Structures are given as structure tokens and as C-alpha cells.
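Heads up, the thing below is written out as C-alpha cells.
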Amino acid sequence: MENDQGAVTLTAGSLLMRPWGPGDIAALVRAYDDPAMRLWLRSQVADAEEAARWLDVQRAGWESGDRFGFAVTDTQRDGELVGHLALKRSGPASDLAEVGYWTTAAARGRGVAPRALGALTDWAFLGLGARAPARLELLHHVDNEASCRVAEKCGYALAGILPALPPDHLQGRHLHVRHAPGAGVSPAAGRRAESAGTAGGRATPR
């Protein structure tokens, strides 16, 4: 949905997902100070300068319509930053998009990833109107079992295994897919899971 200022916000229980802003720099640096984030994510943020550049990428994505990045916050914990969501496509007219996410170390085990990804999926298919993609893809490293369970819980079926592509992808990756409503694909039942995040795939770094 859009708020009074025209910015898109999503909700899932106590989770509020909104565009990133300059005030998120300190929380973003803290989030990336996590061994799991350094292991699973291609993009890295080590200090405030790198965080500012990362935020510039998010802002540019909204302006171009090619990338929608959301800060995931918890309204029951004073707006604590608990994760990140991204919807990426090769162009506004493309019928294929990629979704990705990460969660902060402190937020894991609270059901943040499946709730946030579910809200993003609904918005992608139902909230974008004529711009809605027909197919969403989610990619993660083959040994990231928690991300695999999150994908399955949100109805993203395993569609194949992509080979390693050095230097960007040193491991193989699982490709999960979910089709727009009406395509005859039912959401898969899954187990509760949390992971640091997805590895990124066909589009730009997270």
C-alpha cells in the first residue's frame, strides 16, 4: 500500500516494511556486522560510507522501477530494524522478477523471514497492477537449508539447481519459483525457518 506521502509500505503482523532512508545507516552497519551475513550475501557493508552507497542503490532502484528495496522493522520493538526485502527485475515491463531478503542476527527465530517474504510476494502479484510479474524467482546457496525452508514455506517450489559461476557464485544455487495466482501452482506447506538471507542471482547485488 502507499502512505499519505506516496511511499509504498507493507505490513505483516507487527512487521512494517518501508523504503530505506538516510536514518537507517547506523542500523544497517550493525546488521552487516554478522558472520552469517558475511557468509551468505554478496554485497557487504563495513562502515557508514559503504552503507550510504548501499542506500543510494536502493533509492535509485525505486526511481527506475527496476528494484524495490524495503527495510523490515518491528513496530512492537520500537521500530527495530530486523531485515531487508528486495524485488528486482530487468525492466518495469518484464514479467519475471527476483525476490531476496536478509534478516538480522537478533531477529532470527521470530518468524520474520517468512512473514516478510509473504507480504512482498502478495504485493508483487497483487499490488503492482499492470506491472505485476507473472513469475517470481528466489535463489540461495545449495547448503543454505534455512533459506530453502523459508522459500518452501512461502510457496516457492524448487525448480532446479544452478551451477557455480565464479567469481560471483562459488557454490551452486537452488532456484525456487512461484507463479502469479491462477497459474495452477499451490503454495507449498513448509516448516518454520529463519536464515541470514539469500545469495542473490540473476540481477544486481542485494
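The values are calculated or read from the model by the stated rules, or taken from the named source; none is laboratory data. Because the structure is predicted, anything quoted here is derived from the model rather than measured. Cβ: placed from backbone, ideal geometry, glycine included. Neighbour counts: every protein chain shown. These accessible areas exclude ligands, DNA and RNA; they are computed on the full protein's heavy atoms, side chains included. Shrake-Rupley method; radii C 1.70, N 1.55, O 1.52, S 1.80 Å.
If you go through the range 109-116 one residue at a time, do you hit one that is open to solvent by 10 Å² or more (accessible area, probe 1.4 Å) and part of a helix (DSSP H, G or I)?
yes
Out of all the residues in the range 107-119, which are touching a helix residue (DSSP H, G or I) at 6+ places or on another chain (Cβ under 9 Å) and either at pLDDT below 95 or under 21 Å from Q44 (Cβ atoms) (or both)?
A107, R108, A113
Every residue, every condition in (1) touching a residue at least 40 places away in the same chain (Cβ under 8 Å); (2) within 17 Å of W20 (Cα to Cα), yes or no:
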{"position": "D78", "(1), (2)": "no, yes"}
{"position": "V82", "(1), (2)": "yes, yes"}
{"position": "A86", "(1), (2)": "yes, yes"}
{"position": "S94", "(1), (2)": "no, no"}
{"position": "R110", "(1), (2)": "yes, no"}
{"position": "A116", "(1), (2)": "yes, yes"}
{"position": "F125", "(1), (2)": "yes, no"}
{"position": "N144", "(1), (2)": "yes, no"}
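Filter the range 127-138 down to the residues that are closer than 22 Å to L16 by Cα and open to solvent by 20 Å² or more (accessible area, probe 1.4 Å) and list them by number.
Once the filter is applied, which keeps residues that are closer than 22 Å to L16 by Cα and open to solvent by 20 Å² or more (accessible area, probe 1.4 Å), the range 127-138 yields G127, G129, A132.
When the residues of the range 154-193 are filtered to those that are aliphatic (A, V, I, L, M), open to solvent by 70 Å² or more (accessible area, probe 1.4 Å) and out of contact with any strand residue (DSSP E or B) (no Cβ under 7 Å at 6 or more places or on another chain), which remaining residue is modelled with the lowest pLDDT?
Selected residue: A189.
Any idea which of (1) closer than 21 Å to S94 by Cβ; (2) open to solvent by less than 50 Å² (accessible area, probe 1.4 Å) is the one H141 doesn't satisfy?
(1)
When Y32 is evaluated against the numbered criteria (1) farther than 30 Å from R131 by Cα; (2) aromatic (F, W, Y); (3) touching a Ser or Thr at 6+ places or on another chain (Cβ under 8 Å), which criterion, by number, is the only one it fails?
(3)
Would you confirm whether or not the range 194-202 contains a residue that is at pLDDT 90 or above and in contact with a strand residue (DSSP E or B) (Cβ under 9 Å, 6 or more places away or on another chain)?
Looking through the range 194-202, none of the residues is at pLDDT 90 or above and in contact with a strand residue (DSSP E or B) (Cβ under 9 Å, 6 or more places away or on another chain).
Among the numbered conditions (1) open to solvent by less than 10 Å² (accessible area, probe 1.4 Å); (2) among the aromatic types (F, W, Y); (3) outside any strand (DSSP E or B), tell me where W102 comes up short.
(3)
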